[in-house]
């Protein structure tokens with residue numbers, strides 16, 4: 001067992017883990033219908049991490065969360081409207097991985113309207129089993145952020161990596 005944050009900081013990639021059943025480091029729209037929960041960028045280590053909710057995903061049969069870590073971060077760009085609506089999940093509409101020169105790049109489009117592009121030397125992807133959350137994602141129409149967050153994977157969540165892939 002490891003916390004999501006420790007996995008982000010230290011890395012854990014091991015070829016002993018099962019390969020990701022759907023690989024967002026290589027496959028178009030592998031994260032479709034998953035939900036982006038949070039993003040961390042550490043300028044000291046040139047690392048970015050994207051935490052996803054998998055209980056809504058179309059592609060994954062196992063796990064309830066995922067972590068995409070980009071190491072050797074070269075570029076990070078987030079675009080969204082300034083008008084905030086009601087509390088809602090950021091659902092992945094499109095995910096596009098590719099290589100530019102010697103770098104890994106991932107581009108995402110979300111609903112409601114937002115875009116993200118992240119570029120770095122390499123990427124790791126983990127499918128996680130997070131302890132202590134229900135089988136179904138929370139109801140965002142509740143509008144109580146604290147209550148919604150209690151049933152979502154977070155950086156402090158204890159998890160077991162189930163599957164992994166690397167852009168190497």
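Worth a mention:
- Qualifying residue in segment 146-154 (condition: surrounded by 20 or more Cβ atoms within 10 Å (Cβ to Cβ), in contact (Cβ under 8 Å) with a residue 60 or more places away in the chain and within 18 Å of residue 4 (Cβ to Cβ)): yes
- The lone exception for residue 120 - which of (1) over 13 Å from the mean Cα position of the chain (by Cα); (2) crowded, with 21+ Cβ neighbours inside 10 Å; (3) closer than 19 Å to residue 29 by Cα it fails: (3)
- Flag for residue 49 being closer than 14 Å to residue 124 by Cβ and either without any contact (Cβ under 8 Å) to a residue 60 or more places away in the chain or in contact with a helix residue (DSSP H, G or I) (Cβ under 6 Å, 6 or more places away or on another chain) (or both): yes
- The lone exception for residue 158 - which of (1) modelled with pLDDT of 95 or more; (2) crowded, with 17+ Cβ neighbours inside 10 Å it fails: (2)
- Qualifying positions in segment 31-51 - assigned to a loop (DSSP other than H, G, I, E, B) and closer than 19 Å to residue 137 by Cα: 31, 32, 33, 34
The values are calculated or read from the model by the stated rules, or taken from the named source; none is laboratory data. Keep in mind that what you see is a predicted model, and the values were worked out from it rather than measured. So basically every Cβ, Gly included, is an ideal-geometry build from the backbone, and we count neighbours across all protein chains shown.
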